[in-house]
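The values are calculated or read from the model by the stated rules, or taken from the named source; none is laboratory data. From a predicted model like this one, the values you see are computed outputs, not experimental measurements. Using ideal geometry, Cβ is built from the backbone for each residue, glycine included, and neighbour counts are taken over all protein chains shown. Only protein heavy atoms, including side chains, enter the accessible area calculation; ligands, DNA and RNA are left aside. Shrake-Rupley method; radii C 1.70, N 1.55, O 1.52, S 1.80 Å.
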Amino acid sequence: MKAPSPALLQQFAVIVGPQNAVTGAAELEPYLVEPRGLYHGSTPVVLRPGNTAEVSAILKLAQANGIAVVPQGGNTGMVGGQIPDASGAEIIVNLGRMNRIRKLDAESNTVTVEAGVILQTLQEAADAADRLFPLSLSAEGSAQIGGNIATNAGGTAVLAYGNTRDLVLGLEVVLANGEVWDGLRTLRKDNTGYDLKHLFIGAEGTLGIITGAVLKLFPKPKGRSVAFAGLASPHQALRLFGIARSIGGPNVTACELMSATSVGFLYRNAPQFRDPLAGKHAWYLLLEISSSRSEEEARALIEEIFVKAFEDGVAEDAVLAESLQQSKDLWHIRHALSDIQKAEGGSIKHDISVPVASMPAFLEEATALVEKMVPGCRPAAFGHMGDGNIHFNISQPVGADKQAYLARWDEMNDAVHAIASRMGGSISAEHGIGALKRHALPHVKSGVEMGLMRSIKGAFDPAGILNPGKVL
Ligand code: FAD
Ligand code: 2HG
Ligand code: ZN
């Protein structure tokens, strides 16, 4: 697509006000690189609109002039969807200034927000109203709710509350031609024609710019208990999860698996973290139990789970948090695992899901395969075991050349994805397709599915200005 002329850039700047049109090279830089450092884009301008009308005016002008627009939230996406290409022609629309919580209705258990509200801010607002907004992920201090919706983010509470898609009641979206769709409905039941919001959820900014949302709130649990267990294998982790589910049922609100290598990276590179267990174990499981009644009930359930786990020889050791601070510390270990991998050099990442019961077989087979492909590589898997979603990330061999190792990304991805696919799994459980996995999409979707997706894209964005080169 063509680059905007200086005169057109001026017109875009007038819409948001010159102070909200970022142009200097140093000021642009934070908008142009993403967390993995895999993509580094270029843009003439980042526009930071303050309201829906401004977003509408930007898209109207962009479509009329054939200018590509990359929507961006907190820039924490893992597949490069929020980064423009290297041409320097694409403009970024960052939603960060649209950060108002418009209405929190505790009685109806709904909250209406602008897209740029930071996830953690929303969690805190719900908490202050004695409610829970359950979406939780390690990047919650920066990720925006619009980005969460655009990626249908998963995170650590999917087991109990579902993906972001399950938390959305209504949306406000600016279409490619600048038209505003006001779908900010608060209803829990509404079977009136196609449910359009679901097309925008997970579309990664390719069908419209989300400017507002109505989200579900939940009763705040009265008690929470967190345990950190050491285990011999993913098979034992699966058995522990089974025990937890049979005793705790819907009270099991998180089940996160971590390999010894993944937590070892943390203790080695960030000494402020301490291993909560005395001995060494091959795998670790963080289990969270919530109770709508009391701390005592949550504690009693988790104790019952571990009595059974030790009786059955499933867990080798475990610590149960004795205080809120200890619970936070255990969670902190889990949340730090993604970032710390950078300290160990190049990491080739996977975000796969398989049926939960296939997780041990997947890990065994995939580990053997990558160790054969790159002798000395270090699988450092961790993830959302309760959802069958593992981040099967492989760090480079110690002392290897980082770029030479990363050059094997596609080859390793293809091999690992083939195993997941054979097991009926997905190559992107929660991070999306973006730019990173675009080439792989036609291999995991049928011709019928690709055709339908292209038709939808053509109907919503006939000029192809919205996030070109992403997803499709
Ligand atoms: P961005 O990164 O800015 O954008 C992501 C995509 O959404 C892009 O395609 C962009 O074009 C589009 N987009 C953004 N805002 C809008 C909008 N308003 N309208 C339309 N399109 C838009 N993800 C998980 O699912 N689960 C996890 O557990 C998880 N943990 C993470 C941990 C770390 C340390 C990091 C760095 C990332 C993690 N992620 C996780 C990935 C990321 O945080 C999520 O994808 C998040 O939902 C992205 O939100 P964002 O605001 O940063 O979006
Ligand atoms: C998490 O679960 C994120 O922490 C990040 O989804 C995963 O770094 C990763 O691959
Ligand atoms: Zn994750």
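Worth pointing out:
- The stretch 248-279-the stretch 349-392 distance, computed between alpha-carbon centres (Å): 17
- Working from Cα pairs under 8 Å separated by at least six residues, relative contact order for the stretch 7-67 is 37 percent.
- Averaged over its residues, the stretch 299-398 has an accessible area of 40 Å² per residue, based on protein heavy atoms and a 1.4 Å probe.
- In the calculated pair-distance distribution of the stretch 293-448, the portion above 19 angstrom amounts to 64 percent of the Cα-Cα pairs.
- Using R0 = 25 Å, the C-beta based FRET efficiency linking Ser108 and Asp190 works out to 0.95.
- Contact order relative to length of the stretch 146-205, as percent, for alpha carbon pairs under 8 angstrom and 6 or more apart: 41
- Averaged per residue, the stretch 181-285 has 44 square angstrom of accessible surface, using a 1.4 angstrom probe with ligands and nucleic acids left out.
- For the chain, with all protein chains in place and a probe radius of 1.4 Å, 53% of the accessible heavy-atom surface sits on carbon or sulfur.
- For the chain, size of Cβ-based charge dipole, Lys and Arg +1, Asp and Glu -1, in debye: 700
- A 1.4 Å probe run over the stretch 1-159, with the rest of the protein chains in place, finds 38 Å² accessible per residue.
- Phi-based couplings in Hz for the stretch 315-325 (Karplus 6.51, -1.76, 1.60; Gly and Pro marked x): 9, 7, 7, 7, 10, 9, 4, 9, 8, 4, 4
- For the chain, the relative contact order comes to 15 percent (Cα pairs under 8 Å, sequence separation of at least 6).
- For the stretch 1-147, share of DSSP beta bridges that run antiparallel, in % to the nearest 5: 55
- Whole-Hz Karplus values for the stretch 26-32 come out as 5, 5, 6, 3, x, 8, 10 Hz, taken residue by residue from phi with 6.51 cos²θ - 1.76 cosθ + 1.60 and θ = phi - 60°; glycine and proline positions read x.
- Solvent-accessible ranking of Asp410, Asp387, largest area first, probe 1.4 Å: Asp410, Asp387
- Excluding same-chain neighbours fewer than eight residues apart, the lysines reachable from Lys349 by a Cα-Cα span under 27 Å are Lys280, Lys328, Lys372, Lys402, Lys437, Lys445, Lys470.
- Treating each Cα of the stretch 95-230 as one equal point scatterer and applying the Debye formula with no solvent, the log10 of I(q)/I(0) at q = 0.11, 0.13, 0.18, 0.22 Å⁻¹ comes out as -0.38, -0.52, -0.98, -1.47.
- Gyration tensor verdict on the stretch 149-196 (Cα atoms; rounded if a/c is under 1.5, prolate if a/b is larger than b/c, oblate otherwise): oblate
- Estimated from helices alone, the mean residue ellipticity of the chain at 222 nm is -10500 deg cm²/dmol (sum of -39500 (n - 2.57) over DSSP H runs with n ≥ 4, per residue).
- Karplus-derived 3J(HN,Hα) values for the stretch 43-57, using 6.51 cos²θ - 1.76 cosθ + 1.60 with θ = phi - 60°, are 8, x, 7, 10, 9, 10, x, x, 7, 5, 4, 5, 4, 4, 5 Hz; glycine and proline are entered as x.
- Virtual spin-label span in nm between Glu311 and Ala278, 7 Å along Cα→Cβ: 2.5
- Largest first, the residues Phe310, Phe362, Phe273 sort by 1.4 Å accessible area into Phe310, Phe273, Phe362.
- Summary of the geometry: the stretch 1-70 and the stretch 191-231, compared by the centres of their Cα atoms, lie 28 Å apart.
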